[in-house]
Amino acid sequence: QVQLVESGGGLVQPGGSLRLSCAASGFTFRRYAMRWYRQVPGKERELVAVITSFGGNTNYADSVKGRFTIFRDDAKNTVSLQMISLKPEDTAVYYCNAIVQGINYWGQGTQVTVSS
């Protein structure tokens, strides 16, 4: 079955960096676009970044452009999110997402807290 497992969250000071990773299994990873979302309590889940299959074209939410980079390693079935210049408003639970054969799959989420 499809599994997505995030890692790499934590507490970081404003201006700091973190790299999140998502290990995928149970589907032919290289054929599917991958996404990172984030959610804070009381708000809807927000799409942060997406990377397409094969060619790896990327797109970002305006709030993270120039600070976040999504990339994938099809040999390792992983998708990562490199985050720099973090701000307190980046604090959220970050989720990895894949839509496989029309079904939305989510990881368990990883907490990112940006605070001094």
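The chymotrypsin sites (Phe, Trp or Tyr not before Pro) found in region 23-81 that occupy coil by DSSP, while having at most 11 further C-beta atoms within 10 Å, are F54. So if R0 is 30 Å, what FRET efficiency would V40 and A75 give, r being the distance between their Cβ atoms, rounded to the nearest 0.05? Working from the Cβ atoms, E equals 0.35.
Along the charge dipole of the chain, which of V100, A61, L81 sits closest to the positive end, that is, farthest toward it, with unit charges on the beta carbon of Lys, Arg, Asp and Glu (+1, +1, -1, -1)? Looking along the dipole axis, the top candidate is V100. Relative to the Cα centre, the charge distribution of the chain, modelled as +1 at Lys and Arg Cβ and -1 at Asp and Glu Cβ, gives a dipole magnitude of about 160 debye. On the chain, 47 percent of the accessible area sits on carbon and sulfur atoms, based on a 1.4 Å probe. Longest exposed-loop-site-free stretch of the chain, with trypsin sites (Lys or Arg not before Pro), DSSP loop and at most 11 other Cβ within 10 Å? Maximal segment without exposed cleavage sites: 66-116.
Over the chain, with the other protein chains present, what is the accessible area per residue in square angstrom, probe 1.4 angstrom?
That works out to 53 Å² for each residue.
Can you tell me how much longer the chain between V100 and L11 gets when fully stretched, taken as 0.36 nm per residue apart minus their C-alpha distance, in nm with one decimal?
Numbers: separation 89, 0.36 × 89 = 32.04 nm, distance 3.17 nm.
The V100-L11 span can extend by a further 28.9 nm.
Simple point charges give the picture: +1 on the Cβ of Lys and Arg, -1 on the Cβ of Asp and Glu, and for region 44-111 a dipole about the Cα centre of about 140 debye.
Which aspartates and glutamates have a Cα less than 15 Å from the Cα of K87, not counting those fewer than 8 places away in the same chain? Excluding near neighbours in sequence, the set is D62.
Rounded, prolate or oblate, given the Cα gyration tensor of region 71-116, with a/c below 1.5 counting as rounded? All intermediate terms of the calculation are to be shown ahead of the outcome.
Numbers: a/c = 3.23, a/b = 1.72, b/c = 1.88.
Since a/c reaches 1.5 but b/c is at least a/b, the shape of region 71-116 is classed as oblate.
With the simple spin-label model, which puts each label point 7 Å out from Cα in the Cβ direction, the Q3 to S115 separation comes to 3.1 nm.
Note on K65: aspartates and glutamates with a C-alpha under 19 Å away, same-chain residues under 8 apart excluded, are E46, E89, D90.
The values are calculated or read from the model by the stated rules, or taken from the named source; none is laboratory data. All values reported here derive from a predicted model rather than from experimental measurement. Cβ: placed from backbone, ideal geometry, glycine included. Neighbour counts: every protein chain shown. Surface accessibility is based on the protein's heavy atoms, side chains included, excluding ligands, DNA and RNA. Shrake-Rupley method; radii C 1.70, N 1.55, O 1.52, S 1.80 Å.
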